[in-house]
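Trainee: Below you will find the structure I want to go over with you.
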């Protein structure tokens, strides 16, 4: 996998910029314009876990940055078309589209039309009552917490 450090920094910079703009009132949080559904399989005794699927529906024009995942997982664009930027490049994807998201991948998305994204994860926690435990198991608070290098934001800030 070929990592572009400036793209990795750009995604983190976008995420920080969006958060600051929402906090300052310069931008509106659009989370209420999207919907998130959770699906769980039963635990498979042989493996001691089951699967969890997130399905996110986003309206046309929405910009967002995905979570930092601790484990690789399968992702699907089930409906719509999006521009996606990650440390491995920029691409325009159109449904149906399937990919494997590697450990530590973070992506910025722009919905060119109403879109439905879905991800599938292995987990020990298999109910919506345990969604906080699922998030803790799957989502990392930072690259450093995963033993990975944090993005070098000076690569972006020097260009602006």
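Trainee: Kindly establish whether residue 36 is in contact with a strand residue (DSSP E or B) (Cβ under 9 Å, 6 or more places away or on another chain), without any contact (Cβ under 8 Å) to a residue 40 or more places away in the chain and closer than 19 Å to residue 139 by Cα.
Mentor: So residue 36 passes the test.
Trainee: Give 106, 90, 114 a once-over and let me know the one that is farther than 20 Å from residue 19 by Cβ and surrounded by 13 or more Cβ atoms within 10 Å (Cβ to Cβ).
Mentor: None of the others qualify; the one that does is 114.
Trainee: Okay, moving on. Can residue 63 be described as surrounded by fewer than 19 Cβ atoms within 10 Å (Cβ to Cβ) and within 30 Å of residue 45 (Cβ to Cβ)?
Mentor: So residue 63 fails the test.
Trainee: Could I ask something else about it? With a cut-off of at least 3 residues that are over 17 Å from the mean Cα position of the chain (by Cα) and on the phi < 0 side of the Ramachandran plot, name the strands (runs of 3 or more DSSP E) lying wholly within the range 1-113.
Mentor: By residue number, no strands (runs of 3 or more DSSP E) qualify.
No value in this document is a laboratory result; all are computed from the given coordinates. In this text the structure is predicted, and so the values were computed from the model without any measurement. Quick reminder, even Gly has a Cβ in these numbers, built from the backbone with ideal geometry, and neighbours come from all protein chains shown.
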